[in-house]
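Peer 1: Provided herewith is a single structure, encoded as structure tokens, for subsequent inquiry.
The values are calculated or read from the model by the stated rules, or taken from the named source; none is laboratory data. Source: prediction; values computed, not measured. Reconstructed Cβ throughout: ideal geometry from the backbone, glycine too, with neighbour counts over all protein chains shown.
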Amino acid sequence: MGPTSGLLARVSPGLLRAGPRELGTLTPRSHLTYPGPSFQVRLQVQSVEKPQYRGTLHCFQAIIKQESVLGLYRGLGSPLLGLTFINALVFGVQGNTLRALGRDSPLNQFLAGAAAGAIQCVICCPMELAKTRLQLQEAGPARTYRGPLDCLAQIYRQEGLRGVNRGMVSTLLRETPSFGVYFLTYDALTRALGCEPGDRLLVPKLLLAGGTSGIASWLSTYPVDVVKSRLQADGLQGAPRYRGIVDCVQQSYRDEGWRVFTRGLASTLLRAFPVNAATFATVTVVLSYARGEEARLEGDAGSAALAQPSSL
Ligand SMILES: NC(=[NH2+])NCCC[C@H](N)C(=O)O
């Protein structure tokens, strides 16, 4: 990797040899911002005839009043189960793909991110199907699903593998370009901000670059996320409505206008900044240490300088 490589590109190969400590940094901070996805799905899929929520704040107030604070965290088990594996897969695939592509260029940054986004859909799609179903099911003893694994097991028994992968195409359409934007934006911002070991403002700069990358990636394909949520929730609150992606887009636009494709965007962006700021900053700093430690063990002074503890 030439000297023009971004900081993450220089340290990400460390992930392949990372141990439990490094992988543990990939555990998302979803529990800190989880109510965001809760509002996002409910606002995205609520009926246009009898909308239950007027917006994010009203959604928050209604959940607290009808379901207590616990209602804000319904479905949290699913992302907590899946996101550590997803993040390890994403950063591992992105780093290796970028190395396989050879030159660290903006196009290759986008392609490596897009490859990671596509591959992680194998976990992301069933995980978000379970999260959506758990968020929208009736609370209390009459609830259909006891948790994410029970939800996926029931769907598998009733609908087979096709049922567990419901929404896979729309998930691929959302994640592939958005992860390309995610990593391209992070690489461009860390270069523009001059993120280098030894910079005393390195961590705040990484947080700013990571949070901005999360927002840019969600803005890039958010309408597809609305369609995905509607397809994954279809049939939960009445008879199935949609025959597929195009039909869902046509019906949603015809019944609710273009604004339907921005439903839940505010809560999504409010969550995206802190989660991705923490994810990117933690991964970059920890992998940089891991890379530096490896280099010291291998006696490679040049790489070891990359991540002197005093420099990060
Ligand atoms: N759909 C996306 N915007 N994907 C890129 C960001 C993914 C990131 N793990 C998040 O949950 O915010």
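Peer 1: Can you find a residue in the stretch 219-227 that is touching a Lys or Arg at 6+ places or on another chain (Cβ under 8 Å) and modelled with pLDDT under 95?
Peer 2: No, because not a single residue in the stretch 219-227 is touching a Lys or Arg at 6+ places or on another chain (Cβ under 8 Å) and modelled with pLDDT under 95.
Peer 1: Looking at this structure, is A130 away from the ligand (no atom under 13 Å from the Cβ) and buried (at least 21 other Cβ atoms within 10 Å of the Cβ)?
Peer 2: Judged against the criteria, A130 is a match.
Peer 1: Another question, if that's okay. Condition first: touching a Cys at 6+ places or on another chain (Cβ under 7 Å), in contact (Cβ under 8 Å) with a residue 12 or more places away in the chain and closer than 26 Å to V226 by Cβ. Can you find one or more residues in the stretch 114-129 that meet it?
Peer 2: No, because not a single residue in the stretch 114-129 is touching a Cys at 6+ places or on another chain (Cβ under 7 Å), in contact (Cβ under 8 Å) with a residue 12 or more places away in the chain and closer than 26 Å to V226 by Cβ.
Peer 1: Right, here's the next one. Name the residue that is nearest to the ligand (Cβ to nearest atom), counting only residues in the stretch 181-198 that are β-branched (V, I, T) and out of contact with any Leu (no Cβ under 8 Å at 6 or more places or on another chain).
Peer 2: Within the stretch 181-198, the match that is nearest to the ligand (Cβ to nearest atom) is V181.
Peer 1: From Q61, Q52, grab the single residue that is without any contact (Cβ under 8 Å) to a residue 60 or more places away in the chain, of a type in the set (S, T, N, Q) and closer than 24 Å to K228 by Cα.
Peer 2: After ruling out the rest, the residue left standing is Q52.
Peer 1: Let me ask you something else. Could you tell me which of the residues Q94, Q135 is farther than 20 Å from Q40 by Cβ, within 16 Å of the ligand (Cβ to nearest atom) and either in contact with a helix residue (DSSP H, G or I) (Cβ under 8 Å, 6 or more places away or on another chain) or not aliphatic (A, V, I, L, M) (or both)?
Peer 2: Q94
Peer 1: Can V283 be described as touching a helix residue (DSSP H, G or I) at 6+ places or on another chain (Cβ under 9 Å), under 19 Å from T132 (Cα atoms) and either assigned to a helix (DSSP H, G or I) or within 16 Å of the ligand (Cβ to nearest atom) (or both)?
Peer 2: Answer is no for this residue.
Peer 1: Assess whether T176 counts as being within 16 Å of the ligand (Cβ to nearest atom), under 19 Å from V226 (Cα atoms) and surrounded by fewer than 22 Cβ atoms within 10 Å (Cβ to Cβ).
Peer 2: yes
Peer 1: Only one of these is closer than 20 Å to T268 by Cα and either at pLDDT below 70 or in contact with a strand residue (DSSP E or B) (Cβ under 6 Å, 6 or more places away or on another chain) (or both): R74, R29, R17. Name it.
Peer 2: Exactly one residue qualifies, and that residue is R29.
Peer 1: Pairs please, first residue from the stretch 172-193 and farther than 23 Å from K205 by Cβ, second anywhere and among the small types (G, A, S) and more than 10 Å from the ligand (Cβ to nearest atom), Cβ atoms under 7 Å, 6+ apart in sequence or on different chains.
Peer 2: L172/A118; E175/A118; T176/A114; T176/A118; P177/A114
Peer 1: Which one of V227, V203 is touching a residue at least 12 places away in the same chain (Cβ under 8 Å), within 15 Å of the ligand (Cβ to nearest atom) and not acidic (D, E)?
Peer 2: V227
Peer 1: Say whether the condition of being under 14 Å from the mean Cα position of the chain (by Cα) and closer than 23 Å to C125 by Cα is met by at least one residue in the stretch 183-201.
Peer 2: Yes, the conditions are met somewhere in the stretch 183-201.
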